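What follows is calculated from the coordinates using simple rules that are stated; it is not laboratory data. Every value quoted in this text rests on a predicted model; they were computed, and no experiment measured them. Methodologically, a virtual Cβ is constructed for each residue, glycine included, from the backbone with ideal geometry; neighbour enumeration extends over all protein chains shown.
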Amino acid sequence: MKNVLKNKKAIALFVVPAFLVYSIIVVLPVFWSFYYSLYSGSPGLKWEFAGLKNYAMLFKDKNFVAALWVNIRYVAVVMLGQVGLGLCLALMFHFWLKKFKNFVRTLVFFPVVLPTVAVGQLFSKIYEIQPSYGLLNSVLSSLGLDHLVQPWIGQASTALGALSFMDIWVAMGFYSVIFYGALLDISHDVIEAARIDGANGWDLFRTVLAPLLRPMIITSLIFSFSGTVKMFESSLALTNGGPGNATKSLSMYMYNVSFSYNKVGYGSVIAIVIFLICIMGSTLIGRFDKKEL
């Protein structure tokens, strides 16, 4: 290994191509977006240098603030739901569902591989109220809870919650597999020693499992955060950003501004904001890995 690390040409042979691909796919678009953000209009359509005017407009834009608030609520619920339920499922597979764990794990993971459009269509039928009740409203009606029957994705008060539930359902299986793999790496002797010392249930998780799983928990939170901040496909498939702007995220607003209103410069500003939120949020979450529990 030391001989390989001393060979700088061999290191460059592996690192440089990957760095070039990363630069073309990630770094270059960021700089290109920043360049575009300094202009107003759209290339070929009143494309004029605007300096920082687009940035000054940002927080005066009520639609941007509304989309940002949608993102904040969505990320808080979905990120914790995906990672939290994924961890709970992994613990269940490891400690309680030993006989059927392979079947249940496959069943839970299945939504991950489904196309987003298919999932959106599935849940639109589940939440349906017209022309006939969907699964959810049918169950509520059959239980005598007719007062709870409502258009789940047709009103602003419940649309974001319905969308969040769908995205939690889709991704929790992915995180359960990650945590299950991490649990398998924990020595059985460590768990047995803790049980002999009287640690069971919550105490076992708090004192033994949580510290050992912390790096994986932090990594999963970062991964979930970066995915949920870019909220676009699921909202487009289920609600198309509606009703009104109840589920319109920053990414959807950026798309509409850039391609529907031909304001590529202002859309690039929103893209820069999304990028900065991803970087700052991921960095903040990553700092918890360096702190003592």
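For N54, neighbours were defined as the other residues whose beta-carbon sits under 15 Å from its Cβ, and their charges (Lys and Arg +1, Asp and Glu -1) total +2.
Excluding the site residues themselves, the longest part of the chain lacking any chymotrypsin sites (Phe, Trp or Tyr not before Pro) in a DSSP loop with at most 13 other Cβ atoms within 10 Å is 101-260. Extension gain for L13 to F100 (0.36 nm times residue separation, less C-alpha to C-alpha distance): 26.7 nm.
The three principal axes of the Cα atoms in the stretch 85-215 give end-to-end lengths of 59, 32, 29 Å, sorted in falling order. Between N200 and L38, the contour length at 0.36 nm per residue exceeds the Cα-Cα span by 52.5 nm. In this structure the amide hydrogen of Y39, modeled in the peptide plane, comes within under 5 Å of the amide hydrogens of A50, none closer than 5 places in sequence on its chain.
As a proxy for reagent exposure, ranking I24, I186, I274, I153 by other Cβ atoms within 10 Å from fewest up yields I24, I186, I274, I153.
Which order results if D61, D185 are arranged by neighbouring Cβ count within 10 Å, fewest first?
D185, D61
Close amide H contacts of G154 (hydrogens built in the peptide plane, cut-off under 5 Å, sequence separation of 5 or more or a different chain): none are found. Each residue of the stretch 1-154 gets 289 Å³ once the volume of the Cα convex hull is shared out per residue. The spacing between the stretch 111-178 and the stretch 222-293, judged by their C-alpha centroids, is 22 Å. The fraction of all Cα pairs in the stretch 186-256 landing in successive 5 Å bins from 0 to the largest distance is 3, 14, 16, 12, 8, 8, 7, 9, 9, 7, 5, 1, given as whole percents. With the charge dipole of the chain set up from +1 on Lys and Arg Cβ and -1 on Asp and Glu Cβ about the Cα centre, the Cα lying farthest toward the positive end among the listed residues L136, F49, I285 is that of F49. Straightening the chain between Y22 and F110 buys 28.7 nm, computed as 0.36 nm per residue apart minus the Cα-Cα spacing. When only DSSP loop residues count, what trypsin sites (Lys or Arg not before Pro) in the stretch 56-147 have their Cβ near at most 12 other Cβ atoms within 10 Å? The qualifying sites are K60, K98, K99. Taking a ≥ b ≥ c as the square roots of the eigenvalues of the Cα gyration tensor of the chain, is the shape rounded (a/c under 1.5), prolate (a/b larger than b/c) or oblate? It is oblate, given that a/c is not under 1.5 and a/b is not larger than b/c.
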